[in-house]
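For reference, the structure is listed below as structure tokens.
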Amino acid sequence: MDQLTLHQPDEESPVGQWYVRVAVERGIDDLREDEQGLVYRATEPGIEVGERVLVPLRGARKPVGGLVMASGGAELLGEVDARAVKTIAQRVGAKLPEALVALARWMSAYYVCPLGMVGATMTPAAVKRGVGARTREMLRLAPDAHARVASGLHLTPAMRKAWEGIAAAGASITPEEPRMLASRLGLSSVGALRRLETAGVLERCEVEVVRSRSALEHFEEPAKVEGVPTLTDEQAAAVEGIASTVGTFGVHLVRGVTGSGKTEVYLRVIAGVLARGASALVLVPEIALTPQTCGRFEARFSREGVAVLHSGLSGAERHRQWARIARGEARVVVGARSAVFAPLAQLGAIVVDEEHDHSYKQDQLPRYNARDVAIKRGQIEGATVVLGSATPSLESWANATGHAARYRLWELKQRIGVARLPRVRIVDLTALPRVGHGSMGQVMLTISPVLREALGRTLRNGHQAILLLNRRGYASYVSCPSMSCGWRLTCESCDASMVLHRGSGLPRGQLVRCHHCLAEQNVPPLCPLCQKKTISLGTGTQRVEEELAREFGLVPGEDLLRVDADTMGSARAYFEALGRFARGEARVLAGTQMIAKGLDFPGVALVGVINADTALHLPDFRSSERTFQLVSQVAGRAGRGEVPGEVIVQTMTPEHPAIVHASRHDYVAFAREELAMRRASRLPPAMRMARIVVRDRDHDRAMAAARALADRLRERAAPTMRVLGPLVCPIARIADHARVGIEVFAPTPQELQGLLKTLRIEHRLVSDARTAIDVDPLMLM
């Protein structure tokens, strides 16, 4: 878009003026590599690259935010008439390090996203709005304070006590509010401080602060671990090898079985980084950000300062944590996906734990993978990157084990201490007797006799159990019992079944809900086609909870806890549930993938997978990989203490390689077979991939637009590339919008990026409400 159309004239000469280039937080796709952003006149010199500012924009009723990409004089105008340039409205104060500005440029190009939208993602909304920020009157040390006291200034005993306390603590004790400063110095009142102010030793100032509760105040304090554990030989080798590369960019993959001590490896590497005066960033999946996880880093590095970023924080606390990081008060940051943008200085190491986890991928603009962004940030800042997982993504495994391996591999094959990997038993659901009758046939048991007997034994022995079913709600769908009729209740706005939910607070105790657009309606009592009474089929976590309560006398909410998106409305609720289970107040934890990783409960003797096939038959080439990872991860929750563990996996496909290899804890064999299949099929990681989804309320318009785009992609694609589509997406309609997909494959990222950039320049490919562009997609539904 021509920026002359964005500004009204401002009659001033460019001579002696200061200007900035700003990437505004709007969908303006600017592909000029060295001149990205709209030009604005600066209100004062000294505005720095990375600052967030508010600027006027034509069509906007109020100033919009933007990221300063360049700052200087009239040379920034280029061919733009200075009279057409408007002045920035406000400097906000939040500033990103220049390394993050460089990262934003890369993300904009790689993920096909307007630069301003990337910049908007990097700064938390709470920081932009200044949530919790207050101006406080404080006292600080005067510049000539020491000289004044040394010159023989008369000090009363109380003044001397205050001065000696300040001098011993150093300059970092101020600025501070008078009452708080008096408390820290052990003074009974602020009188002595007021007299030091009158004497010119202290001076008054105004400071903007962010007031909030501690990031971990909501949750129970984790148990403290006394001393530093002794490393195993495998851990010591990994620590030594990774530490030898600190100070330079490089990527290490730590594949360690569950319970092998990967976290201790991270802690030792970070300790070495901090000793060099650098900082460290630790990324973990959101659901693994427990007080237990955060507490280990807090206990080890409290002196250096630890900041925690997760969804359970209030806006004020998120702002406070971000400000602490920006000021250098926290040199270790532990956080989820968006923490990859933490404004750390002198970054020495980045750890990505559970690097395979799909929650690192953002499903809205910009559609970035935090793991890959972390690697790029490490490259930009010369930091060492450590990826860790018991079940690495096949992309990372290929990069660590292929013929031209780019990552260095470290393996931890044994659990630490007396713990051993649990025994895994597979239960073939197709061989079990069925219950119930009717024209729809008989229904399978939710909990097989094998799992029922094992769970009873576990509870009688005083141990704990975890049961996984990655499907929430009570039943998967509501339908007519007649097979000849075949009616099934689907969402009016989506091509998907409505899921049955039950609860005392719902109309008539139940309703159906679409898990895509969140539409709800009452459960129809009769089939609208043949008037037969409707039935509910399929199993969700609510039905599992009901059956456990009935069969074992467990009380939901007391000794039986259900953990899914319906019961865990906040991070606090989730952490509190885990705390109760850790203390032994609950005997059984049942839920979705929220309980499959990041948990270390020594009392768990049994893990049951209710249905391992929930994702196995989806039309997605990654379904086997996801199933292997999920089963392996939840199996790893058993037997982590002195009690031997047992895992029971219920499945209708007992011979499937993902199930077989997961039951044997054999990641290497699974990866070898799956990678061979991917190479033969020319699928990632053997090829690079981008997926484009065109959306429109009218199906024919969506198909026509997708066909035109696919044709243009084929015209511009190299012979080594292939373009598939347009194809109707597996979920053909969501929220009243038809969805048509195009898939693009290339041998290298350079070829893929070149093709996408060509169409961006031609304005044929634009990330907006109608077109979603996903580079390196993880979900294909």
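Quick rundown of the values:
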quantity: Most to least packed among 409-418, 277-286 [average Cβ atoms within 10 Å]; calculated: 277-286, 409-418
quantity: Mean ellipticity per residue at 222 nm, deg cm²/dmol - from DSSP H runs of n ≥ 4 across the chain, formula -39500 (n - 2.57); calculated: -9000 deg cm²/dmol
quantity: Degrees between helix 667-681 axis and first principal axis of the chain (Cα, 0 to 90, nearest 10); calculated: 90 degrees
quantity: Formal net charge of residues neighbouring H501 (Cβ-Cβ distance under 14 Å; K, R +1; D, E -1); calculated: +2
quantity: Extension gain, R550 back to T135 (0.36 nm per residue minus Cα-Cα distance, nm); calculated: 143.6 nm
quantity: Burial ranking of peptide ranges 135-146, 602-613 (average Cβ count within 10 Å, highest at the top); calculated: 602-613, 135-146
quantity: Extension gain (nm, one decimal) between R716 and R179, 0.36 nm per residue minus Cα-Cα; calculated: 186.4 nm
quantity: Gained length - V450 relative to R508, 0.36 nm times residue gap less alpha-carbon distance; calculated: 17.4 nm
quantity: Relative contact order (%) - criterion: Cα under 8 Å, at least six apart; region: region 231-347; calculated: 28 percent
quantity: Aspartates and glutamates with Cα under 13 Å of K86, excluding same-chain neighbours fewer than 8 positions away; calculated: D10, E11, E12
quantity: Antiparallel bridges, percent of DSSP beta bridges restricted to the chain (to nearest 5); calculated: 55 percent
quantity: Listed residue (H515, I535, C485) projecting farthest to the positive dipole end of the chain, Cβ model; calculated: I535
quantity: Local electrostatic count at A169 - Lys and Arg +1, Asp and Glu -1, tallied over other residues with Cβ under 14 Å; calculated: +1
quantity: Charge dipole (debye, nearest 20) of region 276-421; +1 at Cβ of Lys and Arg, -1 at Cβ of Asp and Glu; calculated: 320 debye
quantity: Gyration tensor (alpha-carbon) shape descriptor, region 665-781, a/c threshold 1.5; calculated: oblate
quantity: Point-charge dipole on Cβ atoms (K/R +1, D/E -1) for the chain, about Cα centre, debye to 20; calculated: 920 debye
quantity: Cα long-axis angle, helix 699-716 against the chain (0 to 90 degrees, to the nearest 10); calculated: 70 degrees
quantity: Long-range amide H partners of L409 with built H, under 5 Å; calculated: L253
quantity: Residue among P747, A82, I287 farthest towards the positive dipole end of the chain, charges placed on Cβ; calculated: I287
quantity: Listed residue (V53, L759, S314) projecting farthest to the positive dipole end of the chain, Cβ model; calculated: S314
quantity: Whole-Hz couplings from phi, Karplus 6.51/-1.76/1.60, listed for region 652-658; x for Gly and Pro; calculated: 9, 10, x, 8, 5, x, 4
quantity: Anchor K62: aspartates and glutamates whose Cα lies under 16 Å away (excluding residues fewer than 8 positions away in-chain); calculated: E25
quantity: C-alpha long axis of helix 98-110 to longest principal axis of the chain, angle in °; calculated: 40 degrees
quantity: Sparsely packed trypsin sites (Lys or Arg not before Pro) within region 508-544, loop by DSSP, other Cβ within 10 Å at most 13; calculated: none
quantity: Under 15 Å, Cβ to Cβ, from G348 - net charge with Lys/Arg +1 and Asp/Glu -1; calculated: +2
quantity: Under 23 Å from the Cα of K532 - lysines, other chains or at least 8 residues apart; calculated: none
quantity: Gyration tensor (alpha-carbon) shape descriptor, the chain, a/c threshold 1.5; calculated: oblate
quantity: Shape of region 393-434, Cα gyration tensor, a/c cut at 1.5; calculated: oblate
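Laboratory data are not the source of any read-out in this text; all were calculated from the coordinates shown. Every value quoted in this text rests on a predicted model; they were computed, and no experiment measured them. All Cβ positions, glycine included, derive from the backbone under ideal geometry; neighbour counts span all protein chains shown.
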